[in-house]
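Notes follow once the structure below has been shown.
Laboratory data are not the source of any read-out in this text; all were calculated from the coordinates shown. Nothing here was measured: the structure is a model prediction, and the numbers come from that model. Cβ coordinates were reconstructed from backbone atoms using ideal geometry, including for glycine residues, and neighbour counts include every protein chain displayed.
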Amino acid sequence: MTARLVLRDVDVQHGRAKVLSGVSASIKAGQIVGLIGPNGAGKSTLLNAIAGQLSTKGKILWSGKPVDARDIGFMPQQCQVRADLSVLEVILLGRHEQLGWRIADDIMSAASRILAFFAIGDLAARSMQTLSGGQQQLVLLAQRLLREPQLLLLDEATSALDVRHQMHVLRLLKDYVARTGALVLIAVHDLNLAARHSDTVMLLNGGRLVGHGAFDTVITPDVLRSVYGIDAEFIPSQSGISVILPLSPTSIEANPMEETP
Ligand SMILES: Nc1ncnc2c1ncn2[C@@H]1O[C@H](COP(=O)(O)OP(=O)(O)OP(=O)(O)O)[C@@H](O)[C@H]1O
């Protein structure tokens, strides 16, 4: 039976502010789900809640059970390595539970395969501290994939990558999902990227889930106006997916969730 992530009436409160409110969804594994919404909508909060990093109300179930840390690969938004470790060492830490005095051959070959998939083999001996922001992001993603998690939670994990590396990583994720049947939840700001690379999207606004389904059923000109406060042109492309061209912002308003205690 296909695994499912079930969210039932999930609430998160920070102090007096409710930052996630009544989020419910049933999400089938074997797909990439784009988590979209304006700044402060609750995307990171939802990913942190699923990863078990926050105290929540409601239920979060993976295959009918509470999420087990061993099932997930989580890459938070602020993610960096401060220690002076090499790229290979950081990637191997993806399997830290299995590391001992001697690194088993299968872990070493899995690490080499991941380095090759991400096209970062030439960085293996480099110190993380000498890498660019985008290169560090690639290494940390590779580290998460080494675990082969069933539930991969990525918070803007391609934000520091150039367009070619973004495409490469999203294609790798697609192959990974096809090979393993995993579920990937990825928070993204770029709506065109979400349209092109997600199987479905979840749209958050003001801490609530306001849309869930195929991108073109969730994101319409009216929704862009009401949720993002922009007018936009939808330009048909050869891929069959319209390109969204933002035209003008309407107005910037305070996040309604922050105004009401
Ligand atoms: N530790 C905290 N204490 C108080 N409020 C918080 C805390 N963390 C987040 N918030 C608030 O929760 C709301 C949701 O934040 P969150 O980071 O989940 O949004 P987001 O959709 O990921 O935003 P962005 O796209 O800007 O990263 C925001 O209003 C934010 O100010």
Inset, instruction - Work out the length of the dipole vector of the chain about its Cα centre, built from +1 on the beta-carbon of each Lys and Arg and -1 on the beta-carbon of each Asp and Glu, and round it to the nearest 20 debye. - result: 640
Inset, instruction - Obtain the radius of gyration and the Kirkwood radius of the range 1-77 from its C-alpha atoms and give Rg over Rh. - result: 0.94
Inset, instruction - Pop a pseudo-label 7 angstrom from the Cα along the beta-carbon direction at both residue 199 and residue 108 and give the gap in nm to one decimal. - result: 3.6
Legend entry - For peptides 9-19, 147-157, sequence by mean Cβ density within 10 Å, most packed first: 147-157, 9-19
Inset, instruction - Take a quick pass over the chain and tell me how many lysine pairs come in under 23 angstrom between Cα atoms, counting only ones 8 or more apart or on separate chains. - result: 13
Legend entry - Computed [θ] at 222 nm, deg cm²/dmol, the chain (DSSP H ≥ 4; -39,500 (n - 2.57); rounded to nearest 500): -8000 deg cm²/dmol
Inset, instruction - Just check the range 36-87 against the gyration tensor rule for me: Cα atoms, a ≥ b ≥ c as the square roots of the eigenvalues, rounded for a/c under 1.5, and otherwise prolate or oblate depending on whether a/b exceeds b/c. - result: oblate
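Provide the gained length on full extension for the span residue 78 to residue 61, in nm with one decimal, where the gain is 0.36 nm per separating residue minus the Cα-Cα distance.
Values: separation 17, 0.36 × 17 = 6.12 nm, distance 2.52 nm.
So the chain would gain 3.6 nm between residue 78 and residue 61.
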Inset, instruction - May I ask you to sort 46, 247 by Cβ crowding, counting other Cβ atoms within 10 Å and putting the fewest first? - result: 247, 46
Inset, instruction - Rank-order 22-29, 132-139 by packing density, defined as the average count of other C-beta atoms within 10 Å over each peptide's residues, highest first. - result: 132-139, 22-29
Inset, instruction - State the extension gain, in nm to one decimal, for the chain segment bounded by residue 247 and residue 101, taking 0.36 nm per residue of separation less the distance between their alpha-carbons. - result: 46.8 nm
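For residue 70 and residue 220 in one chain, what is 0.36 nm times their gap in residues minus the Cα-Cα distance, to one decimal in nm? Write out the running numbers ahead of the final one.
On the way: separation 150, 0.36 × 150 = 54.00 nm, distance 3.77 nm.
Additional length available on full extension: 50.2 nm.
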Inset, instruction - With the Cα gyration tensor of the chain in hand, give its eigenvalues times 5 under a square root as the equivalent ellipsoid semi-axes, listed largest first in whole angstrom. - result: 32, 22, 18
Inset, instruction - Pop a pseudo-label 7 angstrom from the Cα along the beta-carbon direction at both residue 237 and residue 122 and give the gap in nm to one decimal. - result: 2.8
